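These notes concern the structure reproduced below.
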Amino acid sequence: MNLFGTLRELAQIVMRKDTRNITIKPSTAVTYTADRISELPPEDAASVLVSETASQVLTNKTLTAPVINGGSVNGASAVSLVDNGANDLSIVTASALTADRNLTIDVNDANRSLDLSGNLVLANNLTTTGNFPVSLAATASTSLTLPVSGTLATLADVATASQQTTDLISVGFSTVAGTTYNHHHFTLDVGQTITVVAGSTFVGIGPMEINGTLEINGEYDIV
């Protein structure tokens, strides 16, 4: 039977498939306050209606203000977050991956913040030990080469001799009067100067390689 025109005021439409009835009817959970029009998919092609619970693949769809509970997002080229309601912050991968990879974020059961004013580039792992904050202050463009092992000592921290005991020196500095400096098997690089001022004692313990300048105005001991 072919029908042309409008069917009006039907309570429901019942179709038959696989010896079962398929019923199309208005939602009983909604109170309608005016006449409404529900359109079938607006395209000149065969279409399938979207189900509320069925597993379906949606193509070229835009979701506005959705709430997604659970599941995963696969194959997205970028994830955009709205900043102050005007601009988007996109999280984009720039890696040439050879297999599926995971980026695992662990906030250790507390609120955290990430504040970047420049790029962060790591060639390998960066690990701190000890539950204390670490602050590094740079006053200009800075390059620091660390020894393979040992303990770094500050030149300003001169209260005791033990605070000036290190395993390696690769840069120059000037001693402070009234202080004893104990240094184990140090190397002084070319172009660097260690100045031992009057009233201070510099003790070199173990092998020493001096490629720079050692200026002695105080006491210099070799053990």
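A compact table of results
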read-out: Filter pass, T98 being at pLDDT 85 or above, under 30 Å from R8 (Cα atoms) and assigned to a loop (DSSP other than H, G, I, E, B); value: no
read-out: For S72: the one exception among (1) of a type in the set (S, T, N, Q); (2) in contact with a strand residue (DSSP E or B) (Cβ under 7 Å, 6 or more places away or on another chain); (3) without any contact (Cβ under 8 Å) to a residue 12 or more places away in the chain; value: (2)
read-out: Boolean, N2 is outside any loop (DSSP other than H, G, I, E, B) and over 30 Å from S72 (Cβ atoms); value: no
read-out: Filter pass, L103 being under 37 Å from the mean Cα position of the chain (by Cα) and free of Cβ contacts under 8 Å to residues at least 24 places away in the same chain; value: yes
read-out: Qualifying residue in the range 63-86 (condition: surrounded by 10 or more Cβ atoms within 10 Å (Cβ to Cβ) and of a type in the set (S, T, Y)); value: yes
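The values are calculated or read from the model by the stated rules, or taken from the named source; none is laboratory data. Just so you know, these numbers come straight off a predicted model, no measurement behind them. Please note: Cβ atoms are built from the backbone with ideal geometry, for glycine as well, and neighbour counts cover all protein chains shown.
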